[in-house]
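Written out below as structure tokens is the structure these notes cover.
The values are calculated or read from the model by the stated rules, or taken from the named source; none is laboratory data. Owing to the predicted nature of the structure, the values given are computational and were not obtained by experimental measurement. Cβ placement follows ideal geometry from the backbone for every residue including glycine, while neighbour counts extend to all protein chains displayed.
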Amino acid sequence: MKRLANKRVLLGVTGSIAAYKAGEIIRRLREQNADVRVVMTQGATEFVTPLTFQALSGNPVHQHLLDNDAEAAMGHIELARWADVILVAPASADFISRLCLGRANDLLGALCLASNVPLALAPAMNQQMWKDPATQTNVQTLRSRGVLLFGPDSGEQACGDVGEGRLLAPHILIESLSEVFKTGSLSGRTVLVTAGPTQEAIDPVRFLSNHSSGKMGYAVATAAMEAGAEVILISGPVDNSLSVAHNIKTIHVTSAEQMMQQAQAFAQKADIFIAAAAVADYRPVAEHNEKIKKSAQTMMLQLQRNPDILATIKRENPWLYAVGFAAETEQLEQHARGKLQDKGVDMIAANWVGKAAAETNGTFGSDNNALKLFWQGGELELGVMSKTRLARELVGMIAAQFDNAIESGRLKPEQRNIENIVQFKSSSKDNK
Ligand code: CTP
């Protein structure tokens, strides 16, 4: 499986004699259908011209931190946000030392600081430079910060020495890089995900909604795809900049009722349902055909409960492994366990919102979050990290728990039978 397909790889090339091998790395990344952008340090351009990498990657090569033209096209922060992973290959001793200090004195250093996606280094240097305690201490420090180290390899070096410090062979580097996107095996499974807010129309120009950005749901859909699943994403209205790979079937809806209809249409073919949407609990009893005009000082808006999509889908399709989210401002565990019970689902991923979220840096729209997972007889805390990484960890746990549930016979895929579905009736509790 091509795990790097549709992945955006930012390849940093630094000043090392092995810089020419980056050409082979780019070629192999493109063979995997990865989207590649190359950033070269000043040192790297002494060894290879940017034109070579531009031709191989099919994209302009980025070199300078303060370059008006480049900033106008894709500025350094935008480039940092664009990447799904950063690979620095070859990584010179000097670059490793600057990274360790958190220097942002060139474009590549600044990008590494400005990005929170996985960062991998493939060191290449003289064997004595690699062995030097300064380099070794830097490498240890970077490892402890979660930076991945690929290699170095050992053998004969360009300078004639023999020892550790050679760039890892490009095909092994690509293999190691694709491991970054391995979250657990969901191959052959279908995963249905809801994401984003819903909008409940009041009149032709107004609606009720909430602050959900959809980022977590989109990250979950991507992580499930990376784990090999076929993914169907039902998305409420989210910012245009949010997107998923084209092989994720995406259905755009506006209201909770539309989300419910689509979820019911696709649930029968799914194995796992992950409800990450922030569904509006209520909608106006009636949508006004014309814009409501202001009159009195106060006005009443009568609302009615929306259906609980998660609870309904699990009840109608009991073989599904159903995962809900719980956004809480207080008593996280109590509310999460309550939802696990009341909605009859298999797992609840709970997170703080509102003031309490400030501690976890996970407010609406943020790129970070933290989750606490609860299931019957277990729980797991996933600390603050980017939503991308968090989604991978969550999907890894869901895949493991799903397998357990099938093996233990708790979930029975053989129940998947249309007749089963129609005989279920909505209970008053969920018929909001
Ligand atoms: N959910 C849903 N349909 C709804 C409401 C919620 O599918 N009408 C799902 C959400 O996608 C989420 C979970 O239920 O996975 C919990 O959502 P949350 O808003 O935290 O809880 P509610 O059930 O709405 O309860 P409350 O607002 O009272 O906390």
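Residues satisfying the criterion are absent from the stretch 415-431 (criterion: surrounded by 15 or more Cβ atoms within 10 Å (Cβ to Cβ), modelled with pLDDT of 85 or more and either part of a helix (DSSP H, G or I) or in contact with a His (Cβ under 8 Å, 6 or more places away or on another chain) (or both)). For residue 317, the conditions (1) crowded, with 21+ Cβ neighbours inside 10 Å; (2) within 11 Å of the ligand (Cβ to nearest atom) all hold with the exception of (2).
Pairing residues of the stretch 205-230 that are closer than 19 Å to residue 324 by Cα with residues that are modelled with pLDDT of 95 or more and aromatic (Phe, Trp, Tyr), at Cβ distances under 8 Å and at least 6 apart in sequence or on separate chains, gives 216/325. Within the stretch 273-299, being closer than 14 Å to residue 217 by Cα and either of a type in the set (Phe, Trp, Tyr) or more than 12 Å from the ligand (Cβ to nearest atom) (or both) holds for one residue alone: 273. Among the residues of the stretch 241-259, those identified as away from the ligand (no atom under 13 Å from the Cβ) and outside any loop (DSSP other than H, G, I, E, B) are 249, 250, 251, 252.
Of all the numbered requirements in (1) outside the structural domain of residue 96 (by TED's automatic domain parsing); (2) within 23 Å of residue 157 (Cα to Cα), residue 46 misses one, and that requirement is (1).
The set of residues in the stretch 24-70 that are within 28 Å of the chain's Cα centre (by Cα), of a type in the set (A, V, I, L, M), outside any strand (DSSP E or B) and closer than 16 Å to residue 122 by Cβ comprises 25, 26, 29, 34. Candidates 280, 270, 322: the one that is under 28 Å from residue 415 (Cα atoms), in the same structural domain as residue 404 (by TED's automatic domain parsing), touching a strand residue (DSSP E or B) at 6+ places or on another chain (Cβ under 9 Å) and part of a loop (DSSP other than H, G, I, E, B) is 270. Do we have any residue at all in the stretch 349-360 that's modelled with pLDDT of 95 or more and buried (at least 19 other Cβ atoms within 10 Å of the Cβ)? Yes: one or more hits.
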